[in-house]
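Heads up: the structure comes next, in structure tokens.
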Amino acid sequence: MVFSWLHLAIILFLIGGLLFAGGPLILSYLVAPRARGGDMGMPYECGMRPYGGSWTRFGINYYVYALLFLAFDVDVLYLFPVATVYRATEGWLPFLEMFIFLFVLALAIIYFWAKGVFTWPRKVS
Amino acid sequence: MVFNPIQIVPELYQLLLILALFFQSLGDGSETPPAERWLPFFAGFGIFVAIVSWGAEGLLFGGAYKLDALSQFMKLAISAGFYVTVLNASRQPSLEERKRPDYFMFLALSAWGLMILSSAVELITIYLALEISSYSLYAVIPLRNTGGKGDPRAAEAGIKYILFGAVATAMALYGFSYILASQHTSYISQLAQCNWTWDGAPMAVVGLSLFLGGMFYKLALFPFHFWCPDVYQGASNETAGFVATLPKLGAVVVLVRLATLLKPGLEITTLLAVLGALSMTYGNLCALAQKDLKRLLGFSSVAHAGYIMVGLVSGTAMGLSAAVFYALAYLVMNLLCFWVISRVASDGRNLQLDDLNGLYKRAPALAFALGVGAFALVGLPPTIGFMGKFFLITSAWDHGYNWLVITLVVNSAIAIYYYLGLVRHAYTHEAGADVPTPDNSAFSVAGASILAAVVLVLGLLPSRVFDFAILAGKQLLP
């Protein structure tokens, strides 16, 4: 087997990949400022002093919405390329394909709806 | 584009079932008949629907979807397997009432993905079909209810399956990018004309190995087997019966299609052979030490994944046919074993080997069926397991991988101990104090007898089915 530039490229890519994953961890370990006390324990910094420490409990009701938003946001991303080429298409087939895609998405929303994801859960007292 | 819906009628029918279950899962279930009552009948009808499109041939959807003997054979096997698993799961003690339509919907969706997978001849289509089938299983595995609340073991199994699956998927996609970059196509028919030697196209070889890794994960081949025993143990008996059988068929069908790219002596072929040998040895040795019945079957499927590799490395139509036939044999044998397990553990517990003690007195029919299943898994005549191994060995001998065939035979000898251990516990030990009450109803006995009869009849008269497998192999490698 001859060691060619392609193999070197593959090895370089592997090293690059490792550095890409491990580099930020090492870098942040090296350059991160280490501070303790003062305002470090605050839940967030906004210029006004918030009530309570960062160990207070947060409502996690939003996480489902965040997940759903993310899912549909990514789905909508797929609609942009379709929108740009849609003018150049002919016949009903592209419309049908788009309809199937959106229909499945709609079914997913109905499923979440029926399973009660959109009802605001009552706060646990 | 000529598109005749009759050609894909099994997929359409399955989709119809999914939609019906979907709309049922939206309601609270008070007005509709329970899913576990009506679904078995319609799933059984699905077998006949699969027969209708038996001879369908053609290339659909822009060349990404191929109907040939292999795909139709697999679709029939998948619909039959789906019928048995649905029937098996219809009396599941560890499944909540209101979650049943959802549970069956995900099972149907998974089987639908596998049907598409068996026809896909383009790498992205293969990937999508595989993900449809996997995602549904991720949702199903944690659904196990013991003592009024969710079972933590099942949740653990679900998380493990998702995390390992995500890693395997990422690997497969990364490999796909390499294949596309170096061979400039993702259609298997065009890839078959490409060069797959390490000297000629190293990038493509790395890419294909990684892509195959994703399939190995589904098949639970050696370096990707970690999830297998844990998931079987954590999931309920009936769910494990699905996870252990049908997805393996899907993985085999993709591997068989991709094996048409390979010739004996290529680096990837050798990789397949080495992984197969490691897989069977490791699986069998680990299974020797197991006490939990489902863990034992988990390691057994790691070993069986290795056996299937024997058919893929020879590079002949006969080898591919043998692999397809062995996948069918594996499906039937495991359906039988999981049927018996689900019926013996009528309270939904995890069976230990000692729970089988004295089964011949408590449930003679189930004990006999378990014996048939164990003999088939060992590969003793007159069962389908023997015929499957026989075809594998004869097809692979003299194609440069004789050492692999010898490893298979040695491993079959090792495996005798733990498979026949099942029979030993069922027939020679007397029952202890805390053994589960087996389900001896006509339903349970009839299912076990029919599956056992299939194992025996296909072992005695395999020629008809094997002819179909040969036809499938010859279409792939003329």
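Kindly indicate which of B:Lys66, B:Lys75 is under 20 Å from B:Ala469 (Cα atoms), in contact (Cβ under 8 Å) with a residue 40 or more places away in the chain, in a helix (DSSP H, G or I) and away from chain A (no Cβ under 14 Å).
Values: B:Lys66 fails: in a helix (DSSP H, G or I).
B:Lys75 is the lone residue from the list that is under 20 Å from B:Ala469 (Cα atoms), in contact (Cβ under 8 Å) with a residue 40 or more places away in the chain, in a helix (DSSP H, G or I) and away from chain A (no Cβ under 14 Å).
Might you let me know whether the stretch B:148-160 holds any residue that is assigned to a loop (DSSP other than H, G, I, E, B) and away from chain A (no Cβ under 13 Å)? Walk me through how you get there before you give the answer.
Going residue by residue through the stretch B:148-160, those that are assigned to a loop (DSSP other than H, G, I, E, B) are B:148, B:151.
Then drop every residue that is not away from chain A (no Cβ under 13 Å), which leaves B:148, B:151.
Yes, the stretch B:148-160 contains at least one residue that is assigned to a loop (DSSP other than H, G, I, E, B) and away from chain A (no Cβ under 13 Å).
Filter the stretch B:333-349 for residues that are in contact with an Asp or Glu (Cβ under 6 Å, 6 or more places away or on another chain) and buried (at least 20 other Cβ atoms within 10 Å of the Cβ); which is nearest to B:Thr245 (Cα to Cα)?
To start, the set of residues in the stretch B:333-349 that are in contact with an Asp or Glu (Cβ under 6 Å, 6 or more places away or on another chain) comprises B:342-343, B:346.
Next, only the ones that are buried (at least 20 other Cβ atoms within 10 Å of the Cβ) stay: B:342-343.
Values: B:Ser342: 14, B:Arg343: 17 Å.
Filtering the stretch B:333-349 for residues that are in contact with an Asp or Glu (Cβ under 6 Å, 6 or more places away or on another chain) and buried (at least 20 other Cβ atoms within 10 Å of the Cβ), the one nearest to B:Thr245 (Cα to Cα) comes out as B:Ser342.
List every residue pair whose Cβ atoms sit under 8 Å apart, with the two residues 6 or more apart in sequence or on different chains, where the first one lies in the stretch B:387-403 and is of a type in the set (A, V, I, L, M) and the second, anywhere, is buried (at least 20 other Cβ atoms within 10 Å of the Cβ) and assigned to a loop (DSSP other than H, G, I, E, B).
Between residues of the stretch B:387-403 that are of a type in the set (A, V, I, L, M) and residues that are buried (at least 20 other Cβ atoms within 10 Å of the Cβ) and assigned to a loop (DSSP other than H, G, I, E, B), the close pairs are B:Met387/B:Pro462; B:Ala396/B:Ser314.
Please go through the stretch B:184-211 and pick out each residue that is within 14 Å of another protein chain (Cβ to nearest Cβ), in a helix (DSSP H, G or I) and at pLDDT below 85.
The one that is within 14 Å of another protein chain (Cβ to nearest Cβ), in a helix (DSSP H, G or I) and at pLDDT below 85: B:Pro202.
Let me confirm something: among B:Val455, B:Val435, B:Val423, B:Val405, which residue is surrounded by 15 or more Cβ atoms within 10 Å (Cβ to Cβ), at pLDDT below 85 and β-branched (Val, Ile, Thr)? Please lay out each step first, then the result.
Details: B:Val455 fails: at pLDDT below 85; B:Val423 fails: at pLDDT below 85; B:Val405 fails: at pLDDT below 85.
Just one listed residue meets the conditions, B:Val435.
Residue under question is B:Ala120, and the condition is that it be at pLDDT below 90 and more than 26 Å from B:Arg295 (Cα to Cα); does it hold?
Taking the combined requirement at face value, the residue satisfies it.
Name the residue that is modelled with the highest pLDDT, counting only residues in the stretch B:31-57 that are surrounded by fewer than 19 Cβ atoms within 10 Å (Cβ to Cβ), closer than 26 Å to A:Ala108 by Cβ and not β-branched (Val, Ile, Thr).
It comes out as B:Phe42.
Just to be sure I understand, how many residues within the stretch B:233-289 are part of a helix (DSSP H, G or I), crowded, with 24+ Cβ neighbours inside 10 Å and among the hydroxyl-bearing types (Ser, Thr, Tyr)?
Selection size over the stretch B:233-289: 2.
Being assigned to a helix (DSSP H, G or I), under 30 Å from A:Trp120 (Cβ atoms) and β-branched (Val, Ile, Thr) narrows it down to one of A:Val85, A:Val74, so name that one.
Matching residue, one of A:Val85, A:Val74: A:Val74.
With respect to the numbered conditions (1) surrounded by 23 or more Cβ atoms within 10 Å (Cβ to Cβ); (2) out of contact with any Ser or Thr (no Cβ under 7 Å at 6 or more places or on another chain); (3) β-branched (Val, Ile, Thr), which one is the sole condition not fulfilled by B:Val372?
(2)
Mind listing just one residue for me: the one in the stretch A:21-38 that is assigned to a helix (DSSP H, G or I) and surrounded by fewer than 10 Cβ atoms within 10 Å (Cβ to Cβ) and, of those, farthest from the other protein chains (Cβ to nearest Cβ)? Spell out the reasoning first.
If we filter the stretch A:21-38 for residues that are assigned to a helix (DSSP H, G or I), which is where we start, we get A:21-31, A:38.
So of that shortlist, the ones also surrounded by fewer than 10 Cβ atoms within 10 Å (Cβ to Cβ) come out as A:21, A:25, A:28-31, A:38.
Numbers: A:Ala21: 12, A:Leu25: 19, A:Ser28: 24, A:Tyr29: 25, A:Leu30: 28, A:Val31: 29, A:Gly38: 38 Å.
Filtering the stretch A:21-38 for residues that are assigned to a helix (DSSP H, G or I) and surrounded by fewer than 10 Cβ atoms within 10 Å (Cβ to Cβ), the one farthest from the other protein chains (Cβ to nearest Cβ) comes out as A:Gly38.
Taking the condition more than 23 Å from the chain's Cα centre (by Cα) and within 20 Å of B:Asn284 (Cβ to Cβ), does B:Val405 pass? Don't jump to the end; show me each part of the working.
On the way: more than 23 Å from the chain's Cα centre (by Cα): no; within 20 Å of B:Asn284 (Cβ to Cβ): yes.
No: the conditions fail for B:Val405.
Condition first: within 14 Å of chain A (Cβ to nearest Cβ), assigned to a helix (DSSP H, G or I), of a type in the set (Ser, Thr, Tyr) and surrounded by 13 or more Cβ atoms within 10 Å (Cβ to Cβ). Can you find one or more residues in the stretch B:8-30 that meet it?
Looking for residues that are within 14 Å of chain A (Cβ to nearest Cβ), assigned to a helix (DSSP H, G or I), of a type in the set (Ser, Thr, Tyr) and surrounded by 13 or more Cβ atoms within 10 Å (Cβ to Cβ), one finds at least one in the stretch B:8-30, hence yes.
Out of all the residues in the stretch B:32-40, is one or more of a type in the set (Phe, Trp, Tyr), over 21 Å from B:Phe468 (Cβ atoms) and within 14 Å of chain A (Cβ to nearest Cβ)? Before you say what the answer is, go through the steps one by one.
First, the residues of the stretch B:32-40 that are of a type in the set (Phe, Trp, Tyr): B:38.
Now restrict to residues that are over 21 Å from B:Phe468 (Cβ atoms): B:38.
Adding the requirement that they be within 14 Å of chain A (Cβ to nearest Cβ) leaves none.
Scanning the stretch B:32-40 turns up no residue that is of a type in the set (Phe, Trp, Tyr), over 21 Å from B:Phe468 (Cβ atoms) and within 14 Å of chain A (Cβ to nearest Cβ).
Any idea which residue in the stretch B:171-183 is nearest to the other protein chains (Cβ to nearest Cβ), counting only those that are surrounded by 19 or more Cβ atoms within 10 Å (Cβ to Cβ) and aromatic (Phe, Trp, Tyr)? I'd like the intermediate steps shown before the answer.
So the first thing to find is which residues in the stretch B:171-183 are surrounded by 19 or more Cβ atoms within 10 Å (Cβ to Cβ), and the list is B:171-172, B:175-176, B:178-179, B:182-183.
Applying the additional criterion that residues be aromatic (Phe, Trp, Tyr) yields B:176, B:178.
Details: B:Phe176: 16, B:Tyr178: 9 Å.
Restricting to residues being surrounded by 19 or more Cβ atoms within 10 Å (Cβ to Cβ) and aromatic (Phe, Trp, Tyr), the top hit is B:Tyr178.
May I ask you to verify whether B:Ala166 is out of contact with any helix residue (DSSP H, G or I) (no Cβ under 6 Å at 6 or more places or on another chain) and closer than 15 Å to B:Val254 by Cβ?
No; evaluated as a whole, the condition is false for this residue.
Any residue that is under 25 Å from B:Thr281 (Cβ atoms), of a type outside the set (A, V, I, L, M, F, W, C) and out of contact with any Lys or Arg (no Cβ under 6 Å at 6 or more places or on another chain) - is there at least one of those in the stretch B:356-373? Show your work before the answer.
Filtering the stretch B:356-373 down to residues under 25 Å from B:Thr281 (Cβ atoms) leaves B:373.
From what is left, the residues that are of a type outside the set (A, V, I, L, M, F, W, C) are B:373.
Next, only the ones that are out of contact with any Lys or Arg (no Cβ under 6 Å at 6 or more places or on another chain) stay: B:373.
For the stretch B:356-373, residues under 25 Å from B:Thr281 (Cβ atoms), of a type outside the set (A, V, I, L, M, F, W, C) and out of contact with any Lys or Arg (no Cβ under 6 Å at 6 or more places or on another chain): present.
Does B:Trp54 satisfy being more than 22 Å from the chain's Cα centre (by Cα) and free of Cβ contacts under 8 Å to residues at least 24 places away in the same chain?
Details: more than 22 Å from the chain's Cα centre (by Cα): no; free of Cβ contacts under 8 Å to residues at least 24 places away in the same chain: yes.
So B:Trp54 does not fit the description; no.
Could you grab me the full set of residues in the stretch B:425-476 that are farther than 26 Å from B:Arg362 by Cα and touching a Gly at 6+ places or on another chain (Cβ under 8 Å)? Spell out how you get there, then give the answer.
First, pick out the residues of the stretch B:425-476 that are farther than 26 Å from B:Arg362 by Cα: B:457-476.
Of everything in the stretch B:425-476, those that are farther than 26 Å from B:Arg362 by Cα and touching a Gly at 6+ places or on another chain (Cβ under 8 Å) turn out to be B:Gly459, B:Gly473.
The values are calculated or read from the model by the stated rules, or taken from the named source; none is laboratory data. Only a predicted model underlies this, so the values are computations on that prediction, with no experimental measurement involved. Cβ atoms come from the backbone with ideal geometry, glycine included; neighbour counts cover every protein chain shown.
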